[in-house]
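Reading through the structure tokens given below for one structure.
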Amino acid sequence: MKKPMFILFFNFLFVMVYAQNVKQDLLNRYFEVTTNEKEAFFYRLSQSYNGVWAYTDYDSKSRVVRNGYFTDSTFQVQVGPHAFYWEGKPLYKGRYVDGKPSGYWYFYNQKGVVYDSLHYVVSKSKKEEIPGLNENEEEEKKKTLLLQEEHLKKDTSKAFVSVEKEADFPGGEKAWAKYISKQLTFPDLVLATNKPQRMSVEVQFVVCSDGEVCSVEAINSSTPLLDMIAINAIRKGPKWNPAYQSNKNVKAWRRQKISFIIPED
């Protein structure tokens, strides 16, 4: 019963926006364009804007699910600010550069208040600055200044890249693998909107001379929800055994690749 109601409403929207050169598409559960109405879970309205394509995805109740920008009408490369909503409420927001998350991303609770954030290594691109796409960035930075200090523990002082003895997790690699496996969970939303696949995120962080972990950043991305889980597993975990150089404990960089495997239904 819900499926015909969705199609009828979609067709009604088409009549209303056709004169405004708005492109419309049906989307399957993975947010892929489809022409099969039986596969449709969402629908998309999009339009050319300042050299990119602005889009908004809706669910069957006409609630916004995603909005942002793609480089063109094939919807392959995301660029500029994006937001993801669920059941009409904001879930997370951030910025893409050439299809990759970049800079700070913010996560919202049920009351629409930012409760957590993560940072991606910033990508540089000619498409980073697009007229009209930076309006809310300063406002977001003000709202999350304390979060950045609390959750990211940003440390800009010098850290060793090469040391005599690298920092390691208490108990060694087996203990680290066991700890990580217990922390990694799949939100239902990720399982519902992503195909069965292996996705990986590489995380870089600093282990200070006292074993404290700080400056945790994602180098690449699986999907922001999973990236957030991987980031928190490291930054909220126990202290490490610090690196060793010239007869003393020193601060040093570490990298860790974390993989998620989305199973078959």
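The values are calculated or read from the model by the stated rules, or taken from the named source; none is laboratory data. Because the structure is a prediction, the values reported are computed rather than measured. Cβ coordinates were reconstructed from backbone atoms using ideal geometry, including for glycine residues, and neighbour counts include every protein chain displayed.
So here's what we get for this one:
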{"item": "Test: residue in the range 215-235 that is in a loop (DSSP other than H, G, I, E, B) and more than 21 Å from Gly103 (Cβ to Cβ)", "result": "no"}
{"item": "Residue in the range 59-87 that is surrounded by the fewest Cβ atoms within 10 Å (Cβ to Cβ), counting only those that are within 24 Å of Glu37 (Cβ to Cβ) and small (Gly, Ala, Ser)", "result": "Ser62"}
{"item": "Residue pairs meeting the criteria (Cβ under 6 Å; at least 6 apart or on separate chains; first over 15 Å from Ile231 (Cα atoms) and among the small types (Gly, Ala, Ser), in the range 87-113; second part of a strand (DSSP E or B) and modelled with pLDDT of 90 or more)", "result": "Gly94/Pro101; Gly94/Trp105; Gly99/Gln78; Gly112/Pro90"}
{"item": "Count of residues meeting criterion [among the charged types (D, E, K, R), buried (at least 20 other Cβ atoms within 10 Å of the Cβ) and within 30 Å of Phe84 (Cβ to Cβ)] in the range 207-265", "result": "1"}
{"item": "The range 162-199, residues that are assigned to a helix (DSSP H, G or I) and within 27 Å of Lys89 (Cβ to Cβ)", "result": "Gln183, Asp188, Leu189, Val190, Leu191, Ala192, Thr193"}
{"item": "First in the range 23-40 and in the same structural domain as Val77 (by TED's automatic domain parsing) and touching a residue at least 60 places away in the same chain (Cβ under 8 Å), second anywhere and part of a helix (DSSP H, G or I) and surrounded by 14 or more Cβ atoms within 10 Å (Cβ to Cβ), Cβ under 9 Å, 6 or more apart", "result": "Arg29/Thr193; Tyr30/Thr193; Phe31/Thr193"}
{"item": "Identity of the residue in the range 19-32, under 18 Å from Tyr69 (Cβ atoms) and loosely packed, with under 13 Cβ neighbours inside 10 Å, that ends up modelled with the highest pLDDT", "result": "Asn21"}
{"item": "Residues located in the range 161-208, provided they are under 27 Å from Ser117 (Cβ atoms) and modelled with pLDDT under 85", "result": "Val161"}
{"item": "Filter pass, Asn249 being within 18 Å of Trp105 (Cα to Cα) and not in a helix (DSSP H, G or I)", "result": "no"}
{"item": "Inter-residue pairs, beta-carbon under 9 Å, first hydroxyl-bearing (Ser, Thr, Tyr) and in the range 181-198, second not in a strand (DSSP E or B), 6+ apart", "result": "Thr185/Ile229; Thr193/Arg29; Thr193/Tyr30; Thr193/Phe31; Thr193/Phe41; Thr193/Thr223"}
{"item": "Those residues of the range 158-175 which are hydrophobic (A, V, I, L, M, F, W, C) and under 19 Å from Ser215 (Cβ atoms), in sequence order", "result": "Ala159, Phe160, Val161, Val163, Ala167, Phe169"}
{"item": "Asp188 vs. criteria surrounded by 17 or more Cβ atoms within 10 Å (Cβ to Cβ) and either in contact with a Phe, Trp or Tyr (Cβ under 6 Å, 6 or more places away or on another chain) or not aliphatic (A, V, I, L, M) (or both)", "result": "no"}
